[in-house]
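So the structure is just underneath, and the comments pick up after that.
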Amino acid sequence: MGTKTALVTGSNRGIGFEIARQLGKQGVTVLMTARDKDKGVKAMKDLKDEGLDVHFYELDITSDSSIKHLYSEVYKDFHKLDILINNAGIFIDQDFTVLELDRETLSKTMETNTYGPLYLTQALISLLKNSEDGRVINVSSGLGSGNSIGESHPAYSLSKAALNIVTIQLADALRDKGIKVNAMCPGWVKTAMGGEGAMRSVTDGADTAVWLSLGDVTTTGKFYRDRKEIDW
Ligand SMILES: NC(=O)c1ccc[n+]([C@@H]2O[C@H](COP(=O)([O-])OP(=O)(O)OC[C@H]3O[C@@H](n4cnc5c(N)ncnc54)[C@H](OP(=O)(O)O)[C@@H]3O)[C@@H](O)[C@H]2O)c1
């Protein structure tokens, strides 16, 4: 098999940037994406300076036209995709309980964290089918897991629980096409989202997504943290 190609959403910073770096270091051609072109190009240049084979594409995962445009550009340039990492996400309801959650916050969170990964995966299926070992990795969160859901950050928890269900549904639909779809939780990671109090580095936070991308993984429709399967 030739060089693998991976697309990482929200890879201008945080865990997505580190996933792009770790994949690039393992010889993967990485298609970095960001909704802000300037930030994305800068991130791409930073990894190019490290000698990695990285490319930049603009992508807002909440926009159908942006997803459509991305598909046509990647089709034109590469014809196939081996790995899709749905990493981009938002966490805008840290201070809300479920009793204060408003429609706009919930809609925006679901559009970004759940519908974006679903519609992007649908759009890129034909490219993943051209791979001998297509893999989709959804960056989810333990805050969407059954036994840690409570009244706090309701939109985020709902969006990640729903992303977990999307993972199972896509895995089932793509099983006979040989495309594996798994979800992972990076742990509590020191990024703009995770904050300064977080205990984990981006290096550790990115590790399981990279392992699910390139490792000897045969499962599909499962949820992982630290390279181990965990409960939904
Ligand atoms: N950090 C943690 O402790 C933690 C824990 C569990 C799960 N996670 C998950 O890990 C993933 C990455 O988180 P992070 O900590 O690296 O967060 P981050 O530093 O806030 O980065 C989020 C990334 O998503 C991008 N993004 C947001 N909305 C987007 C959209 N509509 N279209 C395209 N890109 C968009 C951001 O772009 P801009 O720069 O343009 O805003 C940024 O690149 C998220 O899915 C998050 O839920 C994180």
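The values are calculated or read from the model by the stated rules, or taken from the named source; none is laboratory data. Quick caveat: nothing in here was measured; it's all calculated off a predicted structure. Cβ placement follows ideal geometry from the backbone for every residue including glycine, while neighbour counts extend to all protein chains displayed. In case anyone asks, the SASA skips ligands and DNA or RNA and just uses the protein heavy atoms, side chains included. Shrake-Rupley method; radii C 1.70, N 1.55, O 1.52, S 1.80 Å.
Would you mention how many residues in the stretch 181-207 are of a type in the set (S, T, N, Q) and part of a loop (DSSP other than H, G, I, E, B)?
Total satisfying the criteria: 2.
Somewhere in the stretch 128-139, is a residue closer than 19 Å to Leu84 by Cα, within 12 Å of the ligand (Cβ to nearest atom) and in a helix (DSSP H, G or I)?
Taking every residue of the stretch 128-139 in turn, none turns out to be closer than 19 Å to Leu84 by Cα, within 12 Å of the ligand (Cβ to nearest atom) and in a helix (DSSP H, G or I).
Filter the stretch 175-214 down to the residues that are in contact (Cβ under 8 Å) with a residue 12 or more places away in the chain, open to solvent by 10 Å² or more (accessible area, probe 1.4 Å) and away from the ligand (no atom under 16 Å from the Cβ) and list them by number.
Answer for the stretch 175-214, where residues must be in contact (Cβ under 8 Å) with a residue 12 or more places away in the chain, open to solvent by 10 Å² or more (accessible area, probe 1.4 Å) and away from the ligand (no atom under 16 Å from the Cβ): Arg175, Lys177, Gly178, Lys180, Leu214.
Six or more apart or on different chains, Cβ under 7 Å: which pairs go from a residue in the stretch 146-161 that's over 13 Å from Thr97 (Cβ atoms) and within 14 Å of the ligand (Cβ to nearest atom) to one that's part of a loop (DSSP other than H, G, I, E, B) and open to solvent by less than 50 Å² (accessible area, probe 1.4 Å)? Could you list them?
Close Cβ pairs (under 7 Å, with a partner that is part of a loop (DSSP other than H, G, I, E, B) and open to solvent by less than 50 Å² (accessible area, probe 1.4 Å)) amount to Lys160/Ser140; Lys160/Ser141.
Pick from the stretch 13-41 the residues that are part of a helix (DSSP H, G or I) and away from the ligand (no atom under 11 Å from the Cβ): which of them is most open to solvent (accessible area, probe 1.4 Å)?
Looking at the filtered set, the residue picked out is Lys25.
What tally of residues in the stretch 44-101 results from selecting those that are away from the ligand (no atom under 14 Å from the Cβ), open to solvent by 50 Å² or more (accessible area, probe 1.4 Å) and assigned to a loop (DSSP other than H, G, I, E, B)?
The total comes to 10.
I'm told Ile168 meets every condition in (1) out of contact with any Asp or Glu (no Cβ under 7 Å at 6 or more places or on another chain); (2) within 21 Å of Leu23 (Cβ to Cβ) except one. Can you identify the failing condition by its number?
Only one criterion is unmet by Ile168, namely (2).
Within the group Leu59, Leu47, which residue is under 23 Å from Ser141 (Cβ atoms) and touching a strand residue (DSSP E or B) at 6+ places or on another chain (Cβ under 7 Å)?
Going through Leu59, Leu47 in turn, the sole match is Leu59.
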